[in-house]
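First up is the structure itself, then whatever we jot down about it.
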Amino acid sequence: MAAPVESKIDCILFSEFHPTAGPKITYQVPEDYISKELFDAIHIYIITKPQLQGRLIMANVFGKKIMGCPVCIDHPKYARNALIFNICFVFASTANSRPYEKIVRKLSTYLISLEKDSGLISNEDSKTKLPKIMSQILTDLNEKGSCAVQVADEVTTIYLKTVQVTSTPTEVHLHDVPIFTVKKDSFFPQQWDLTTQQILPYIDGIRHISRIAAEADVAISLVKSCTENMLYYGVITLLPIFQYSNVYTVTAKINHLAEDVTLQNECIKYAIKAES
């Protein structure tokens, strides 16, 4: 499925910190989309201070929205003992860039691995492959919403896919019970903020929001905010709290359970509690 018109990528920009010239645009696709004058005015959001490295940075400036995840690889072999770079997606200022947040992070991780394995970025010869890689990513994501780009002599393939997210966050109530819709080991807790990491162990399909806040010793407002964020990305859903005072009954759809083996297996997964 092609990406929506409002979320098309206008440009992919690769920038690095040169040991003598400082922050600069090394490559961009299409060429000259970001002028040198504009880059000089906004490079502090692209080649950032150490405190912001490794974080997703969004800058909405001069009619453009620029999203990147600045990288610093420390090693004595590099000039000034560090390799600093960033690969950024550029959108129109009003574009919906949320589907690309995970892609930018993932692409940054790919480049770190490729640099450590083969010196893709620090080697001037191999670095010339970047414009072709960036061009294919730009074209495929805009046209198909996904891409598979082979690099490093076809040993490594960069897989990227847009994540469609809901436009309106679901309201979370104190009595709601969050439950994971994906396996816990399918994502890294470190990809979430510190507060979310603190409440993750308490999400078990049994505890409700108020109880999670109490047991995790986190303010209820923060637990609700973190839960809404996870709902937005589709890693959890909400169940109503079980109460013995309520009356529960099945609907006619229960017949599907007797006929659908896949549904039966899904039911078992949700019904049993994994051993700790």
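The values are calculated or read from the model by the stated rules, or taken from the named source; none is laboratory data. Not measured: the values here are computed from a predicted model. Here the Cβ positions follow ideal geometry from the backbone for every residue, glycine too, while neighbour counts run over all protein chains shown. To get the accessible areas, we keep the full protein, side chains included, count just its heavy atoms, and leave off ligands, DNA and RNA. Shrake-Rupley method; radii C 1.70, N 1.55, O 1.52, S 1.80 Å.
A few comments on the model shown:
- Rg/Rg_ref, segment 50-121, where Rg_ref = 2.2 N^0.38 Å and atoms are Cα: 1.21
- Taking every protein chain into account, the accessible area of the chain amounts to 59 square angstrom per residue (probe 1.4 Å).
- Axis of helix 261-271 versus longest Cα principal axis of the chain: the two differ by about 80°, to the nearest ten degrees.
- Distant-in-sequence amide contacts of Leu120, defined by a placed amide H-H separation under 5 Å and a gap of 5 or more residues or a different chain, comprise Glu115.
- In straight-distance terms, cross-link reach from Lys184 covers every one of the lysines whose alpha-carbon lies under 24 Å from its own, apart from those fewer than eight places away in the same chain; here that gives Lys102, Lys106, Lys161, Lys224, Lys269, Lys273.
- FRET efficiency for Phe242 and His173, using Cβ-Cβ distance with R0 set to 22 Å, rounded to 0.05: 0.90
- In sequence order, calculated HN-Hα J values of segment 90-98 (Karplus, 6.51, -1.76, 1.60; Hz; x Gly/Pro): 10, 10, 5, 4, 9, 6, 8, 9, 4
- Inter-label distance, Ser225 to Gln197: 1.7 nm, where each label sits 7 Å from its Cα along the C-beta direction.
- Distant-in-sequence amide H partners of Cys11 (H built 1.01 Å from N, under 5 Å): Val90
- 20 Å Cα-Cα reach of Lys132 towards aspartates and glutamates, excluding residues that sit fewer than 8 places from it in its own chain: Asp10, Glu16, Glu31, Asp32, Glu115, Asp117, Glu124, Asp140, Glu143, Asp153, Glu154
- Take the Cα of His75, go 7 Å toward its beta carbon, and none of the backbone nitrogen atoms of segment 12-47 fall under 15 Å from that spot.
- Lysines whose Cα lies under 24 Å from that of Lys77, excluding same-chain neighbours fewer than 8 positions away: Lys24, Lys49, Lys116, Lys127, Lys129
- All-pairs Cα distance distribution in segment 1-141, expressed in whole percent, bin size 5 Å: 2, 10, 20, 25, 22, 13, 6, 2, 0
- Whole-Å distance, taken between Cα centres, linking segment 202-276 and segment 54-83: 39
- Equivalent-ellipsoid semi-axes of the chain, from the Cα gyration tensor, Å, largest first: 42, 21, 19
- Sorted from longest to shortest, the spans of the Cα atoms of segment 23-63 along the three principal axes equal 29, 22, 16 Å.
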